Amino acid sequence: MARPPLGYGTNLHAAESVDEICAALAGPATRIRARLGWDRLGVDLRLGSLALAEGQAGIDRLRRTLDQHRLSAHTLNGFPLRPFQAAVVKRDAYLPDWSERERLDRSLDLLHAALALSDEPEVTISTVPGTYRPFGPPRTDAEAIASNLGRWAAAAARVRRDTGRSAVLCLEPEPWCVLETSTEVAAFWCGPLATQGLAAATAALDGDADTARVALARHLGICFDTCHFSLAFEDQAEAVTRITAAGARIAKCQVSAAPVVVDPGRNPAGVAALAALAEPRFLHQTAACRRLAAGQNPAAGWASPKRVEDLDQLATLLARMPDATEVRSHFHVPLDFIASERGLTTTIADTRAGLAACIAAGCPHIAVETYTWSVLPQAGDPVDGTVRELRWLAAALAD
């Protein structure tokens, strides 16, 4: 079966209502498709609580707009439910989380929206990877999170029984979340999801444990964001192997890159350029790490990273690890970002490795996800930038 068209994340647009989303689809998204010369363009369509509250009439209108402009919404971004291009987002991006009934309810709305907005036999929806770890208990209760995910999988299984079509809810590991690394994903899949998640799905499916087990495997997966795994200093091919070996399917890949300062102790220009990216809208969790010398556990490659929650704490981070060989920040930069004259580079090599590993693992849905054009200094036109990114992605896949 042919893979659906490549796409881009519409979370770069300040669009919350159905009116605003339709305007973004008819405007920038259509210009991107025309500039590329593609017959169809994929959109990783972000739907938040405001749009979902407009109900079936809003979904029908979105579908008409997608079809009119030859856009394919085979994958949805259901991660941020609150306004994502607000003046200040920060921790609000993770709320509500999977410890809350509200997250389950809105994600059930997304299940039905996803199937209405696409005719693909399988659609995907990315979501919060449990919760943001600094929130602490009770939000970080893995059993409560797994139970709600099990209930969602049971609902998706009932929809598949009735319609023959599947939806996969893709948890998106992210810095500082309860699911951040491939090791944490594997432990959750083999632990709380296999116990509490299975119990909740079984109860929702009239006590049928076998059907519940199939539902978890079929309807829950991972959205692999290459920027996020770079922040954990993970080998991305190894991360994909570890995740899939635990039984978690990678059903969606967001192709993105992070800025890097190499050898920060001797690169003041790079440190200054990275510090200048600090801004008030998004969280930019930042990590420093030291590459291990030969003989210092070469299998690991890196020492344990030190981390701070945002870029305005960069000086504190460097003081905590003065011998760091790299600093990376959760600031999605364009795939063709060139900043060597300012002492910065990017994780683009990681991005290529992660993309290749996801493709080898059978990942069907792929999109670029630079949503930071509004806060990136001298970013230029986001339409131009997104066109370049999609051309880069198409060329990378051809290679």
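Summed over segment 140-180, residues that are farther than 18 Å from residue 122 by Cβ, among the charged types (D, E, K, R) and assigned to a loop (DSSP other than H, G, I, E, B) total 3. Filtered by the rule that a residue be assigned to a loop (DSSP other than H, G, I, E, B), free of Cβ contacts under 8 Å to residues at least 60 places away in the same chain and under 30 Å from residue 168 (Cα atoms), segment 241-295 gives 247, 284. A count restricted to segment 195-219 and to residues that are closer than 15 Å to residue 142 by Cα, crowded, with 20+ Cβ neighbours inside 10 Å and among the aliphatic types (A, V, I, L, M) stands at 2. Filtering segment 90-103 down to residues that are in contact with a Lys or Arg (Cβ under 6 Å, 6 or more places away or on another chain) and buried (at least 17 other Cβ atoms within 10 Å of the Cβ), which residue is nearest to residue 204 (Cα to Cα)? In this case the residue turns out to be 99. Only a single criterion out of (1) charged (D, E, K, R); (2) modelled with pLDDT of 95 or more; (3) not assigned by TED's automatic domain parsing to the domain that holds residue 220 is not satisfied by residue 291, namely (2). Report, by residue number, each residue of segment 336-370 that is under 21 Å from residue 8 (Cα atoms), at pLDDT below 95 and in contact with a Ser or Thr (Cβ under 8 Å, 6 or more places away or on another chain). Result: 337, single match. Are any of the residues in segment 181-201 under 20 Å from the mean Cα position of the chain (by Cα), part of a strand (DSSP E or B) and at pLDDT 95 or above? Checked segment 181-201: no residue is under 20 Å from the mean Cα position of the chain (by Cα), part of a strand (DSSP E or B) and at pLDDT 95 or above. Considering (1) over 16 Å from residue 220 (Cα atoms); (2) not in a loop (DSSP other than H, G, I, E, B), the lone condition that residue 123 does not fulfil carries the number (1).
Against the condition out of contact with any Pro (no Cβ under 6 Å at 6 or more places or on another chain), in contact (Cβ under 8 Å) with a residue 24 or more places away in the chain and not charged (D, E, K, R), how does residue 155 come out, does it pass? Yes; evaluated as a whole, the condition is true for this residue.
Considering only residues of segment 19-49 that are among the charged types (D, E, K, R) and in contact (Cβ under 8 Å) with a residue 40 or more places away in the chain, which is nearest to residue 365 (Cα to Cα)? Top of the filtered list is 44. Whether a residue is under 15 Å from residue 318 (Cβ atoms) and touching a Phe, Trp or Tyr at 6+ places or on another chain (Cβ under 7 Å) was assessed, and residue 253 does not pass this test.
Tell me which residues, restricted to segment 58-73, are in contact (Cβ under 8 Å) with a residue 12 or more places away in the chain and either within 17 Å of residue 31 (Cα to Cα) or part of a strand (DSSP E or B) (or both). Within segment 58-73, 65, 66, 68, 69, 70, 71, 72, 73 meet the criteria. Here residue 273 meets the list (1) within 28 Å of the chain's Cα centre (by Cα); (2) modelled with pLDDT under 95; (3) over 15 Å from residue 376 (Cα atoms) almost entirely, failing just condition (3). Residue pairs whose Cβ atoms lie under 6 Å apart, separated by 6 or more positions or on different chains, with the first residue in segment 371-399 and modelled with pLDDT of 95 or more and the second crowded, with 18+ Cβ neighbours inside 10 Å and among the polar types (S, T, N, Q), are 371/11.
Criterion applied to 53, 15 was being in the same structural domain as residue 374 (by TED's automatic domain parsing) and surrounded by fewer than 19 Cβ atoms within 10 Å (Cβ to Cβ), and the one residue passing it is 53. Taking segment 342-372 only, how many residues are within 24 Å of residue 269 (Cα to Cα) and of a type in the set (D, E, K, R)? Looking only at that region, the number is 2.
The values are calculated or read from the model by the stated rules, or taken from the named source; none is laboratory data. The structure presented is a predicted model; accordingly, all values stated were derived computationally and were not measured. Cβ coordinates were reconstructed from backbone atoms using ideal geometry, including for glycine residues, and neighbour counts include every protein chain displayed.
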